[in-house]
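Rule-based calculations on the coordinates, nothing more; no lab input. Quick caveat: nothing in here was measured; it's all calculated off a predicted structure. A quick note on method: Cβ atoms are made from the backbone with ideal geometry, for glycine too, and the neighbour counts reach across all protein chains shown.
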Amino acid sequence: MRILFMGDGSAYHANLATALRAMGHEVTVASDGTRWMQTERNIDLSRRHGKLGGALLWFRLSQIDAAKLKGYDVVQLSSPGFAPLRPKRLRKLLERLRADNGIVCLTALGTDSNYVDHCLNSPEPVLKYSEWRVAGKPTPWSSTDASEVKEWLSQELIDYTNEFYARIDGAVSALYEYHRVLEVTRPELPIAYGGIPILRDRLPMHTLADGPVKILHAVHRGREAEKGADHLISLLRRLESEMPGRVIVDTPDNVPYNRFLPRLAGYDIVSDQLYSYTPATTALLAMAMGVVPLSGGEEDFYDYIGESSLRPIINADPTDLEGTYNRLKSLVADREALAALSMQGPQFVAKHNDADVVASRFIDFWKSIL
């Protein structure tokens, strides 16, 4: 098949493209490289700031790169905002992609207006917590300007998002929580669970050594409150205080993707996300290396993917921060238990998130609707 990926997040489409090419498919990735991460792509969707930047990108996509966006069997979009353009231009680009190609689908790998509206406003949300609402109440972050709630729920963006979902042929979800929200908000849309693709053969392996337990607090600068990293760093600093000399916590700045991977392998535990039901990209990369993640590991997720024995994640629960802290502390104090989780991680990723496994799920879904 000829496949076009438009947009990306944390190298999701870039990694999936690698697996699909190895299977004999022709794949093009058009993205902005997830900004500072600078992930691999064939067509650059980066734009300058301001209206002029949008106009220049639109010119490139409409003129210079227009021929490169035609003739695919499948177009897979990273979100309704699959390119950094205003909705009026995205509508036109979506129309052109539909006219010039086969099926057009969504990879549900990030936030959009549909997700925000359900998490914040549904009287019966399918998730008991999210970055937008915990225990029935909006999170402090959701009330800040940084959350961009007004933008996500603006009539312009809601109207465009509704049009987007009405015009695509299906969706493949990256995470359990995105899948569950799509099931209840877009029941008419064909959907499948994909998971996050991990290129295991590119990753270094971690070895648990004697000495202090080394913890990486992996947070995107500027998104600390969104991911719950502000709460998690408080737990980590408390752990350092209560276990002096036995724990080292590192909090690096944003690091490009190809430099982040070897650095990650040097830690015993990675602190990732608080509001996620499931392990996302950083946690899965860590698990594949044998690094234990403090992240989402809810039983709902394990049940959904049919996993009955492997439990390689320290579950971070925003409704029970003290319980989260106690789980973390007991694991740091028990090297054998930490080593056991370290060994489970690679097994889990090989079974559920190997890039070939995820690519096969996409292929099966595309064939079902072609």
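Among Ser271, Ser234, what is the fewest-to-most ranking by other Cβ atoms within 10 Å? Let's see the in-between values first.
Values: Ser271 30, Ser234 12.
Going from sparsest to densest Cβ surroundings: Ser234, Ser271.
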TODO: Multiply the residue gap between Glu299 and Lys68 by 0.36 nm, knock off their C-alpha separation, and tell me the result in nm, one decimal place.
DONE: 78.8 nm
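Using only Cα atoms, figure out Rg for region 201-352 and give it as a multiple of 2.2 N^0.38 Å. All intermediate terms of the calculation are to be shown ahead of the outcome.
On the way: Rg = 14.1 Å, N = 152, 2.2 N^0.38 = 14.8 Å.
For region 201-352, the normalised Cα radius of gyration is 0.95.
Before rounding to the nearest 500, sum -39500 (n - 2.57) across all DSSP H runs of length at least 4 in the chain and divide by the residue total; then give [θ] at 222 nm in deg cm²/dmol. Could you put the intermediate results ahead of the total?
Working: 14 runs with 155 residues, N = 370.
Value at 222 nm, helices only, nearest 500: -12500 deg cm²/dmol.
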Task: Most fluctuating residue given options Asp73, Asp320, Asp356, as computed from a GNM of the chain linking Cα atoms under 10 Å - done: Asp320
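How big is the antiparallel share of DSSP beta bridges in the chain, given as a percent to the nearest 5?
On the way: 3 of 38 bridges.
Around 10 percent of the beta bridges assigned by DSSP in the chain are antiparallel ones.
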Open item on the list: Which of the three applies to the chain, rounded, prolate or oblate, going by the alpha-carbon gyration tensor with a ≥ b ≥ c and a/c under 1.5 meaning rounded?
Closed with: prolate
- [ ] Considering only Asn315, Asn353, Asn258, give the residue with the highest GNM mean-square fluctuation for the chain, with springs between Cα atoms whenever their separation is below 10 Å.
- [x] Asn258
- [ ] Go from 0 up to the bin containing the longest alpha carbon distance in region 124-215, width 5 Å each, and give me the % of pairs per bin.
- [x] 2, 10, 12, 15, 18, 14, 10, 9, 6, 3, 2, 0
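Which FRET efficiency, nearest 0.05, do Glu151 and Met205 yield, Cβ-Cβ r, R0 45 Å? Can you show the working numbers first?
Details: r = 42 Å, r/R0 = 0.93.
The formula returns an efficiency of 0.60 here.
Report, in listed order, any pair from Lys137/Lys329; Lys51/Lys88; Lys70/Lys92; Lys128/Lys214; Lys128/Lys329 with a Cα-Cα distance greater than 20 Å. Don't jump to the answer; show the numbers that get you there.
Working: Lys137/Lys329 28 Å; Lys51/Lys88 13 Å; Lys70/Lys92 14 Å; Lys128/Lys214 31 Å; Lys128/Lys329 25 Å.
From Lys137/Lys329; Lys51/Lys88; Lys70/Lys92; Lys128/Lys214; Lys128/Lys329, over 20 Å: Lys137/Lys329; Lys128/Lys214; Lys128/Lys329.
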- [ ] Quick one: net charge around Glu307, please, counting Lys, Arg +1 and Asp, Glu -1 for every other residue with C-beta under 15 Å from its C-beta.
- [x] -3
TODO: Mark the label point 7 Å from the Cα of His25 along Cα→Cβ and return the residues of region 345-369 whose backbone N is within less than 20 Å of it.
DONE: 350-369
TODO: For region 1-105, just say rounded, prolate or oblate: build the C-alpha gyration tensor, square-root its eigenvalues into a ≥ b ≥ c, call rounded for a/c under 1.5, and beyond that prolate if a/b exceeds b/c, oblate if not.
DONE: oblate
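If the only charges are +1 at each Lys and Arg Cβ and -1 at each Asp and Glu Cβ, what is the size of the charge dipole of region 201-352 around the Cα centre, to the nearest 20 debye?
Details: 15 positive and 21 negative charges, 112 e Å.
It comes to approximately 540 debye.
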- [ ] For Gln347, put the label point 7 Å out on the Cα→Cβ axis and report which residues of region 295-327 keep their amide N under 17 Å from it.
- [x] 302-303, 306-314
Open item on the list: Per residue of region 157-169, what does 6.51 cos²θ - 1.76 cosθ + 1.60 with θ = phi - 60° give for ³J(HN,Hα)? Whole Hz please, x for Gly and Pro, Karplus curve as stated.
Closed with: 6, 4, 4, 5, 5, 4, 5, 4, 5, 6, 9, 8, 9
Open item on the list: Connecting C-alpha atoms closer than 10 Å in a GNM of the chain, tell me which of Val291, Val213, Val75 has the biggest fluctuation.
Closed with: Val213
